[in-house]
1. So which of Asn240, Asn270, Asn235, Asn220 is of a type outside the set (Ser, Thr, Tyr) and within 17 Å of Gln170 (Cα to Cα)?
2. Condition first: among the β-branched types (Val, Ile, Thr) and more than 23 Å from Tyr147 (Cβ to Cβ). Now tell me which residues in region 69-107 satisfy that.
3. Specify which of the listed residues (Asp281, Asp215) is in contact with a strand residue (DSSP E or B) (Cβ under 6 Å, 6 or more places away or on another chain) and of a type in the set (Asp, Glu).
4. Going by the structure shown, is Ala56 outside any loop (DSSP other than H, G, I, E, B), of a type in the set (A, V, I, L, M), touching a Ser or Thr at 6+ places or on another chain (Cβ under 6 Å) and at pLDDT 95 or above?
5. Going by what's in this entry, would Ser296 be described as at pLDDT 95 or above and either part of a loop (DSSP other than H, G, I, E, B) or hydroxyl-bearing (Ser, Thr, Tyr) (or both)?
6. Evaluate the following for Gly112: is it under 17 Å from the mean Cα position of the chain (by Cα) and not in a strand (DSSP E or B)?
7. Quick one: would you say Asp186 is at pLDDT 95 or above, over 28 Å from Phe50 (Cα atoms) and within 15 Å of the chain's Cα centre (by Cα)?
8. Quick check, is Lys28 free of Cβ contacts under 8 Å to residues at least 12 places away in the same chain, surrounded by fewer than 23 Cβ atoms within 10 Å (Cβ to Cβ) and either within 20 Å of Gly138 (Cα to Cα) or not β-branched (Val, Ile, Thr) (or both)?
Amino acid sequence: MTLTNFPNGLSSFGIPVLPSLMKVTTGKVFFVDSNTGSNGNKGTSTKRPFADIDYAIGRCTANKGDVIYVMPNHYEAITAAGAIDADVAGISIIGLGSGDNVPQIDYTNTAGSFVIGANNVTVENLNFHANVSAVVVGVDIDAGVDYATVRGCRFDVETTATDEFLISIQTNDASNFATIENNDIDNGLGGSVHAIKFTADTDGTQVIGNTIQGDYSTANIGGITTLSTKLNIANNLLINGGSGALGTEPVIELLTGSTGTIQNNYVVCNLTTKAASIVADTCMLFENYYNEDISSAATGGIIGTASADD
């Protein structure tokens, strides 16, 4: 396998470039590992990594393409809002490993949160784990922050009936052009409100290819307060509720007047009509499929077409 030739690239650390996780960059590269690291290290090699993600963020330079690699089996417990704050523009925080080896951010207090506080930040392949009931928000994209990306991350819970993120990922006022992509969000059957919440107006945000399940009291994906524009919600599996207890709330509920496209989503909930499963009065819908039965006997069809269920 060819290694990058950049002097600050991964070949200098003797690590093969893996296209699915490794990122070629001309910026600085830092490593974080709670098992072997220390914030007294330089953090520039796998042999002398930092211990904490937030400390590594503070060593980055804005808009230079710096990358933080979080080593397999890294663990951090966070107890306060913004305990990890990605507040340096243009950085990437990428977890290494797969399955049980993915780095874990463990929420041991309801106030704990991972904040994206600067433009053009990418967060990838981390496990956000709710270890208590009613964690207020998992990943919080600050107001006015643009082009945040949360990709390939797992959001899960310690105890399926009691622990949950009230909100897993949240955009705020004028945090535009976010990409929320290929994440696995499973809040069990606790008392979640939304998996993805547009707290105010967001423009051009994309929610693509995610698997989202849980017992959501409002909707898997929701928009409140101020209408959002040019949304793209596509190719998601959205299940409200669980086997034998499908939710009676929609999977998508946007503020009246929100615009954009909602297409090719598979939605599962238990409502009186297919159309009620997606509440988005001024969005364009294309080939979204509804089902209200966990069993093989599917009940529903394409939203927007007539059937016995309408």
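The values are calculated or read from the model by the stated rules, or taken from the named source; none is laboratory data. Keep in mind that what you see is a predicted model, and the values were worked out from it rather than measured. Cβ coordinates were reconstructed from backbone atoms using ideal geometry, including for glycine residues, and neighbour counts include every protein chain displayed.
1. On the way: Asn240 fails: within 17 Å of Gln170 (Cα to Cα); Asn270 fails: within 17 Å of Gln170 (Cα to Cα); Asn235 fails: within 17 Å of Gln170 (Cα to Cα).
Residue meeting the stated conditions: Asn220.
2. The first filter runs over region 69-107 and keeps only residues among the β-branched types (Val, Ile, Thr), leaving 70, 78-79, 84, 88, 91, 93-94, 102, 105.
If the condition is that a residue be among the β-branched types (Val, Ile, Thr) and more than 23 Å from Tyr147 (Cβ to Cβ), then Ile78, Thr79, Val102 are the ones that fit.
3. On the way: Asp281 fails: in contact with a strand residue (DSSP E or B) (Cβ under 6 Å, 6 or more places away or on another chain).
Asp215 is the lone residue from the list that is in contact with a strand residue (DSSP E or B) (Cβ under 6 Å, 6 or more places away or on another chain) and of a type in the set (Asp, Glu).
4. Details: outside any loop (DSSP other than H, G, I, E, B): yes; of a type in the set (A, V, I, L, M): yes; touching a Ser or Thr at 6+ places or on another chain (Cβ under 6 Å): no; at pLDDT 95 or above: yes.
Judged against the criteria, Ala56 is not a match.
5. Working: at pLDDT 95 or above: no; either part of a loop (DSSP other than H, G, I, E, B) or hydroxyl-bearing (Ser, Thr, Tyr) (or both): yes.
Here the answer is no, as Ser296 does not meet what is asked.
6. Details: under 17 Å from the mean Cα position of the chain (by Cα): yes; not in a strand (DSSP E or B): yes.
In short, yes.
7. Values: at pLDDT 95 or above: yes; over 28 Å from Phe50 (Cα atoms): yes; within 15 Å of the chain's Cα centre (by Cα): yes.
Spelling it out, Asp186 is indeed at pLDDT 95 or above, over 28 Å from Phe50 (Cα atoms) and within 15 Å of the chain's Cα centre (by Cα).
8. Values: free of Cβ contacts under 8 Å to residues at least 12 places away in the same chain: no; surrounded by fewer than 23 Cβ atoms within 10 Å (Cβ to Cβ): yes; either within 20 Å of Gly138 (Cα to Cα) or not β-branched (Val, Ile, Thr) (or both): yes.
Answer is no for this residue.
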